[in-house]
1. Kindly indicate whether B:Ser327 is surrounded by fewer than 22 Cβ atoms within 10 Å (Cβ to Cβ), outside the structural domain of B:Leu193 (by TED's automatic domain parsing) and small (Gly, Ala, Ser).
2. Given the criterion modelled with pLDDT of 95 or more, open to solvent by 10 Å² or more (accessible area, probe 1.4 Å), assigned by TED's automatic domain parsing to the domain that holds C:Ser187 and of a type outside the set (A, V, I, L, M), identify the matching residue among C:Asp68, C:Asp76, C:Asp24.
3. Looking only at the stretch A:410-428, count every residue that is in contact with a Leu (Cβ under 8 Å, 6 or more places away or on another chain) and either over 24 Å from C:Gln292 (Cβ atoms) or assigned to a loop (DSSP other than H, G, I, E, B) (or both) and tell me the total.
4. How many of the residues in the stretch A:113-130 are of a type in the set (Ser, Thr, Tyr), out of contact with any helix residue (DSSP H, G or I) (no Cβ under 9 Å at 6 or more places or on another chain) and either closer than 20 Å to A:Glu143 by Cβ or part of a loop (DSSP other than H, G, I, E, B) (or both)?
5. Can you find even one residue in the stretch A:37-46 that is within 14 Å of chain B (Cβ to nearest Cβ), under 30 Å from A:Tyr223 (Cα atoms) and open to solvent by 40 Å² or more (accessible area, probe 1.4 Å)?
6. Just wondering, is there one or more residues in the stretch B:93-112 that are part of a loop (DSSP other than H, G, I, E, B), out of contact with any Leu (no Cβ under 8 Å at 6 or more places or on another chain) and hydroxyl-bearing (Ser, Thr, Tyr)?
7. Sort out which residues of the stretch A:51-63 are within 19 Å of A:Arg122 (Cα to Cα) and either part of a loop (DSSP other than H, G, I, E, B) or touching a Ser or Thr at 6+ places or on another chain (Cβ under 7 Å) (or both), and write them in order of number.
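The values are calculated or read from the model by the stated rules, or taken from the named source; none is laboratory data. Everything quoted here is computed from the prediction, not taken from an experiment. Cβ: placed from backbone, ideal geometry, glycine included. Neighbour counts: every protein chain shown. These accessible areas exclude ligands, DNA and RNA; they are computed on the full protein's heavy atoms, side chains included. Shrake-Rupley method; radii C 1.70, N 1.55, O 1.52, S 1.80 Å.
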Amino acid sequence: MLSLQELEKVFDALWFLNRSITGDGVRETHKILSNYIPLNTYEVPTGTKVFDWSVPREWKVNQAYIIDPDGKKLCDFSENNLHLVNYSIPFQGKLTLNELRPRLHTMPELPSAIPYKTSYYRETWGFCLSFDQYNCLKEGIYEVVVDTELFVGSMTISDFLIEGESDKEILVHTYTCHPSLAINELSGVLVTLATASALASRSDNYYSYRFVFAPETIGAITYISQNFEHLKASLIGGLISTCVGHDKEYQYKSSRSGESLIDRAIKCYFTRNSSKELIWKEFSPSGSDERQYCSLGVNLPVGSLMRTPYHQYPEYHTSLDNKNIISFDALLETSNTYVEVFKLLEENKVYQSTTPYCEPFMSNYDGLYFNKDHRFASDLTKAVKWLIHFCDGKSDLFSISEKSGLDIYLIVEAAKKMHSCGLLKTID
Amino acid sequence: MLSLQELEKVFDALWFLNRSITGDGVRETHKILSNYIPLNTYEVPTGTKVFDWSVPREWKVNQAYIIDPDGKKLCDFSENNLHLVNYSIPFQGKLTLNELRPRLHTMPELPSAIPYKTSYYRETWGFCLSFDQYNCLKEGIYEVVVDTELFVGSMTISDFLIEGESDKEILVHTYTCHPSLAINELSGVLVTLATASALASRSDNYYSYRFVFAPETIGAITYISQNFEHLKASLIGGLISTCVGHDKEYQYKSSRSGESLIDRAIKCYFTRNSSKELIWKEFSPSGSDERQYCSLGVNLPVGSLMRTPYHQYPEYHTSLDNKNIISFDALLETSNTYVEVFKLLEENKVYQSTTPYCEPFMSNYDGLYFNKDHRFASDLTKAVKWLIHFCDGKSDLFSISEKSGLDIYLIVEAAKKMHSCGLLKTID
Amino acid sequence: MLSLQELEKVFDALWFLNRSITGDGVRETHKILSNYIPLNTYEVPTGTKVFDWSVPREWKVNQAYIIDPDGKKLCDFSENNLHLVNYSIPFQGKLTLNELRPRLHTMPELPSAIPYKTSYYRETWGFCLSFDQYNCLKEGIYEVVVDTELFVGSMTISDFLIEGESDKEILVHTYTCHPSLAINELSGVLVTLATASALASRSDNYYSYRFVFAPETIGAITYISQNFEHLKASLIGGLISTCVGHDKEYQYKSSRSGESLIDRAIKCYFTRNSSKELIWKEFSPSGSDERQYCSLGVNLPVGSLMRTPYHQYPEYHTSLDNKNIISFDALLETSNTYVEVFKLLEENKVYQSTTPYCEPFMSNYDGLYFNKDHRFASDLTKAVKWLIHFCDGKSDLFSISEKSGLDIYLIVEAAKKMHSCGLLKTID
């Protein structure tokens, strides 16, 4: 398990890297992450066909800035990589302010913020600056330098598999393509890293755990495209990790069906943890990479367990989404929640009673049945009673917890005791 | 499309005709209607077996009235055809007031109204008069003349088919058997006429449209009996048009299942037209000719889109259900609504994504995907996103509109654009 | 039908008998009951295997008491059989108060009550006394006499079958193993007796009726074990009769599915009897012998129709559960309710319309269809209309009553009339 200090150290190391959907910023990011978990990093060449898409050219920035009529340097990429529209094509020239204006992006409703803009699949260039600074620009000739390169190269993806007892897998997927954004980039990366680190240190994993770091959209599409048969055969559930840096309530966006195992695990976990508030949203086609995992033909059981999501916090996609608004405590707590949800999912077995005809003669089964008078029955006894009547070989423990209103952990404990004294058998 | 003036002209022409389930009043009614749409009118002979029923004898009224002890003429059929109980058998004779009383029908709760009564399948006679007038009758001898004829003849039915691109049909059915009633007879006739006229003038009808004018109950039973195989094979939805003359909210009585295409079209249309209020009622066995279309063995998807229905307005089945309480604006608006619902139904296709594996590469599909940042996405972009994820070859556009909460017309527009650029294909 | 006086006489005769899961108290109880209904009583030998259980040794009490340091007799079994822990093994000896204390059971929250305790499957002994008396015990030597016998014998069970027209059966099951408890023992016995007596006196029973008197748990398990194939083939519904002695609202604990015929009969009956309040509880694994009937592998449609159930009244399982708190009027009313529910169940046929294509020509079917104007239609006419449209050969009358909102008795009456004039046929 990573400490708060380690998380902050990784944050600081990743912050200034110029991430995009391709390029050295991503490569360096994955290299830093691999200091903590043994990532399997590989490159997908430009032009590789992935479903309806193909991997784009690689992008590199040498320098980018504007010289104003007074000779002052503005929008210097070396000061903040958000100043340059991501994937800008090369340009060099002199423009009047009026010619320059259409190339400048601001955010009037947050006048001190530099917005984050991309032009991945349109060949154009532009700069982003605060609305405050934009309003101070004076008439005259501006010198523009966009010294970038777009060339046949490759896109960087990493994954990491922790093998458990079963070859059925649980996935955590996050993206690594936004430069200098805290909540909407590094929070997901850090929670995924912390979760992987925590699970890798355990020897009792029943399921196998897969972690993927890839650029948003094109990276997820590429990963799914290249691993589709395997994922379809192995994946029993997954989470997209994004926007997990606030310390407010949780928000869960369900998988396509809303009733897959991971959806039910989340529901059961939060129902039983009254201290953690959950807002539940059905799957919709806006969001992050769950859009790809839950697309019509892919249809894998992947949801997204977030804190405050994209467009629900004002600093989203601006330079104000920075270290000031991220909570490292929240990152660790979220990672713990991921691990607890997964561990709960591992316990969600389907049992079948071995004595289905009338109740079993409980005096034969030591330590299970403490007091048959319902007024004095222990919680564990209540759980045993529900399991006797509802372990039908089809209902899983989540559903028995829901039906009985009893805590899932109590149900799990009772089921294990009943299993070890022969009252229940497991069903695959 | 008929104008307000034309509708009123038809109303006036039809008002005084002595309609019943058979006879010249019905024939004349259909003849007047055929000045506006090319009706196919035919006669079904008395005695024709139709399911459990047979077509009754034809009824003709020469004259009918009562002479009171003072020699004054009362209940004169020639003044108001509601005075004579519809289908009265012939009678001539002198009766004391006490002998006459059981033959007189009034409506004490609406003392100025002449009630509307029928005796179709019982051989009897009677008169209807206002409770006010009834209370003024004095003792003495009354002379009664019911100069009617019941003879082997025929029953008049008309239909009209507008052929569309598809041979699947949508039905509008109304009845023509009540004399001198506005809401509960002519409103349905006029809305059906206006709807037929409007659809006949269009060259873009996808479905075929069938319009039926027939006496209530026996006419509907006859029509179904004689066209059952065809209707069963062709009808995808229909509406009984009755009680459509008030300018209040709409009321829909669903087809038997409550979930047929026409039911869902109505639901979708009114959900998206917040200016039109809809009261939804599940199918029940009281009402009009939907009782026959929705009977157990027939079970066709026919509902009834009304304004204020039978027994929900006080003048129902009395002489006060007249031109004073009908709104010609409401007739036109209702007819427009019928047409819009049908046109919406024509758009409700089932599409299947051609790129189901992950999202498509939208830059390849011109004009569809304006801004991938969800905060700035246009409504059309939102619709495209939902269609990408939910056009599974099974869900129709109504269901995607409902799931997404997006306007059905927006969904339709987006689907058409996606279809024309190859992202969607249609499913039959 | 038993009278109030007879019920009280049986109550008094049964009150002092020392019932347990075996022994002469039970035998004597069944003998007294067989004065009113022809019980088939039989003995199941000690050691008989029944599913996971085996029938225990028989228990007999010769005498049991304690002599206090002053020579006063305490906890004398001959005064109140609750004083001795049921199934106490023999013991004779002298103990200090401190040695005695762990053997003494009290109920501090009801200080004047002697609690009821058993030790069926643990070999131990003990006494029960009021908390008030317990607090007066003084230091010193106590002489204890538990003169009991446990020996190879048998367990007593009785049943009684009333044969009806059909060999499908309805069950009423009650237990006879608690000594001197009114609500939680004799109320169930008396309601079962009264119900059996009432049904035996009728000659119009459609279903057959089975009544079982047996010790709780081991008796029910034994009965099910020895009659499983027959019950599985014959039982269409049943009730466990217990805690039926209060005159408050009814409480129903449903069968496992909550939607079996008996569950639906209860729901329909109480919906239509607004003077009787019903609290509905889904099946749960605490309670009485429905736990065995509804166990996973047995899964018979048996619920429990109670008044105030176990642990919902404070005197439960104490000497205060006595004649003072039982209402003989309530016993009779409950028995009437049982009979009425069963008779309702007998009427719940599945009919199919013989004229499914459009409505039938009602003038042909005498006395059924009084007024086709919905405003003046009788309730019976309304019921006929619903049956015409919903007797599809699958829906039973309960479901048509629920769908229409019409009283089930009205629906039954209309269905019978329609059946006798040929409009409906029955479906098995």
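1. No; evaluated as a whole, the condition is false for this residue.
2. Result of the check over C:Asp68, C:Asp76, C:Asp24: C:Asp24.
3. Just the residues of the stretch A:410-428 that are in contact with a Leu (Cβ under 8 Å, 6 or more places away or on another chain), to begin with: A:410-415, A:417-418, A:421, A:423-424.
Filter again for either over 24 Å from C:Gln292 (Cβ atoms) or assigned to a loop (DSSP other than H, G, I, E, B) (or both), leaving A:410, A:412-413, A:421, A:423.
Residues in the stretch A:410-428 being in contact with a Leu (Cβ under 8 Å, 6 or more places away or on another chain) and either over 24 Å from C:Gln292 (Cβ atoms) or assigned to a loop (DSSP other than H, G, I, E, B) (or both): 5 in total.
4. Residues flagged as of a type in the set (Ser, Thr, Tyr), out of contact with any helix residue (DSSP H, G or I) (no Cβ under 9 Å at 6 or more places or on another chain) and either closer than 20 Å to A:Glu143 by Cβ or part of a loop (DSSP other than H, G, I, E, B) (or both) within the stretch A:113-130 amount to 2.
5. no
6. Our first condition is that a residue be part of a loop (DSSP other than H, G, I, E, B); within the stretch B:93-112, this holds for B:106-112.
Filter once more, so that each one left must be out of contact with any Leu (no Cβ under 8 Å at 6 or more places or on another chain): B:107-109, B:111.
Subset that is hydroxyl-bearing (Ser, Thr, Tyr): none.
Within the stretch B:93-112, none of the residues are part of a loop (DSSP other than H, G, I, E, B), out of contact with any Leu (no Cβ under 8 Å at 6 or more places or on another chain) and hydroxyl-bearing (Ser, Thr, Tyr).
7. A:Asp52, A:Ser54, A:Val55, A:Pro56, A:Arg57, A:Glu58, A:Trp59, A:Lys60, A:Val61, listed by residue number.
Every residue, every condition in (1) among the basic types (Lys, Arg); (2) under 25 Å from A:Asp321 (Cα atoms); (3) in contact (Cβ under 8 Å) with a residue 60 or more places away in the chain, yes or no:
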residue: A:Leu95; (1), (2), (3): no, no, no
residue: A:Leu110; (1), (2), (3): no, yes, yes
residue: A:Tyr116; (1), (2), (3): no, yes, yes
residue: A:Phe131; (1), (2), (3): no, yes, no
residue: A:Asp167; (1), (2), (3): no, no, yes
residue: A:Tyr175; (1), (2), (3): no, yes, yes
